[in-house]
1. So which residues in region 77-110 are more than 20 Å from Pro137 (Cβ to Cβ), among the hydrophobic types (A, V, I, L, M, F, W, C) and in a helix (DSSP H, G or I)?
2. Among the listed residues Leu116, Leu82, Leu125, Leu73, identify the single one that is under 20 Å from Ser150 (Cβ atoms), surrounded by fewer than 24 Cβ atoms within 10 Å (Cβ to Cβ) and not small (Gly, Ala, Ser).
3. Please enumerate the residues belonging to region 86-127 that are touching a Gly at 6+ places or on another chain (Cβ under 8 Å) and hydroxyl-bearing (Ser, Thr, Tyr).
4. Of these, Ser124, Ser118, which one is modelled with pLDDT of 85 or more, over 29 Å from Arg29 (Cβ atoms) and within 13 Å of the chain's Cα centre (by Cα)?
5. Against the condition out of contact with any helix residue (DSSP H, G or I) (no Cβ under 7 Å at 6 or more places or on another chain) and closer than 14 Å to Arg67 by Cβ, how does Ser101 come out, does it pass?
6. Kindly provide the set of residues from region 34-68 that are modelled with pLDDT under 80, among the hydroxyl-bearing types (Ser, Thr, Tyr) and either farther than 23 Å from Glu120 by Cα or open to solvent by 80 Å² or more (accessible area, probe 1.4 Å) (or both), ordered by number.
7. Has region 154-164 got any residue that is open to solvent by 60 Å² or more (accessible area, probe 1.4 Å), under 30 Å from Arg91 (Cβ atoms) and within 17 Å of the chain's Cα centre (by Cα)?
8. Kindly indicate whether any position in region 133-146 is surrounded by 14 or more Cβ atoms within 10 Å (Cβ to Cβ), at pLDDT below 90, over 15 Å from Asp68 (Cα atoms) and not charged (D, E, K, R).
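The values are calculated or read from the model by the stated rules, or taken from the named source; none is laboratory data. Since the model is a prediction, treat every value here as computed from it, not as a measurement. Virtual Cβ from ideal backbone geometry, glycine too; neighbours counted across all protein chains shown. Side chains included, ligands, DNA and RNA excluded: accessible areas come from the protein's heavy atoms. Shrake-Rupley method; radii C 1.70, N 1.55, O 1.52, S 1.80 Å.
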Amino acid sequence: KVPSSPKRPAKCTPIGSPSAFWCNGTDIRDRIRSGSGATKWERFESEAGKLLDESPSVDSPNRKNARDAADRLKVLDFCHALTGDRRYVERSIPEIETVLSADSWNHPDLKDNADLVSAEIACSLAIGYDWMHDALPEDLRTRMVEGIVSRGLEPIFDSTERGLWWSVWSRGNW
């Protein structure tokens, strides 16, 4: 049971996945697609539509391509979460595969140290895992969790324990 809050109804039951944002019985989907959110929703839906029309990238799976794929993944995830349209899931799978097969999730100058790119990619993959959970094949979900933990969380925790500059800098965005 998800705790209630001023923004979340007391009887909010997460939808079929371990969802942090979407609940059955709420009108959030309708509110986002109408009223003050309509213009932004139309832009998201347009961007996602363009992604559906284009072929997934077949570039080498490197850090830059993983970061770009993670950005596309967020758009596709969001549109799937609002519509339930499986086309967004199907188009997301190649992006997830690009992220998982990338040679690195961090800046090349940082070697094995985590950085903002590591966090962004792990976050995008985690949101995709959450928002498309029930629509993704189980083996892919397993690999996503393994990637999030081994290439996202563990390096971030390790870098923090070693006191990398971004983990101790008081004015950082971390």
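1. Listed by number, the residues that qualify are Phe78, Leu82, Leu110.
2. Numbers: Leu82 fails: under 20 Å from Ser150 (Cβ atoms); Leu125 fails: surrounded by fewer than 24 Cβ atoms within 10 Å (Cβ to Cβ); Leu73 fails: surrounded by fewer than 24 Cβ atoms within 10 Å (Cβ to Cβ).
So the residue among Leu116, Leu82, Leu125, Leu73 that is under 20 Å from Ser150 (Cβ atoms), surrounded by fewer than 24 Cβ atoms within 10 Å (Cβ to Cβ) and not small (Gly, Ala, Ser) is Leu116.
3. Ser92, Ser118
4. Ser118
5. yes
6. Hits for region 34-68 are Ser34, Ser36.
7. At the first step, the residues of region 154-164 found to be open to solvent by 60 Å² or more (accessible area, probe 1.4 Å) are 154, 157-158, 160-162.
With under 30 Å from Arg91 (Cβ atoms) added as a condition, the list becomes 154.
Next, only the ones that are within 17 Å of the chain's Cα centre (by Cα) stay: none.
Scanning region 154-164 turns up no residue that is open to solvent by 60 Å² or more (accessible area, probe 1.4 Å), under 30 Å from Arg91 (Cβ atoms) and within 17 Å of the chain's Cα centre (by Cα).
8. no
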